[in-house]
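The values are calculated or read from the model by the stated rules, or taken from the named source; none is laboratory data. Because the structure is a prediction, the values reported are computed rather than measured. All Cβ positions, glycine included, derive from the backbone under ideal geometry; neighbour counts span all protein chains shown. Each accessible area value is taken on the protein alone, full model and side chains, heavy atoms only, with ligands, DNA and RNA left out. Shrake-Rupley method; radii C 1.70, N 1.55, O 1.52, S 1.80 Å.
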Amino acid sequence: MLKQSDITQEARIIFESTPYSEAVTAGEVSQLTGLAQPRCQLILTQLAMAGLVKENTKENTFQNIQL
């Protein structure tokens, strides 16, 4: 679970919707969260840059990293 107080509610929802067990696309996260796909893509990329999710750029997928 994220403990940072400066993370947005949308980012928290997306982070918590990204599974540990399998890689998912931004579109799949969008379907789970009800947020727009481009918004999910942006936030997932930001989470990957922060080291909170793993991004596979070849397959354009994301996977949560167990902390």
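Both radii come from the Cα set of the chain: Rg as radius of gyration, Rh as Kirkwood radius; their ratio Rg/Rh reads 0.91. Taking label points 7 Å from Cα along the Cα-to-Cβ direction, E55 and R12 give a separation of 2.4 nm. Sites counted here are trypsin sites (Lys or Arg not before Pro) in a DSSP loop (not H, G, I, E or B) having no more than 12 other Cβ atoms within 10 Å; the longest part of the chain that contains none of them is 4-57. For the chain, the share of accessible area belonging to carbon and sulfur comes to 50 percent (1.4 Å probe, ligands and nucleic acids excluded).
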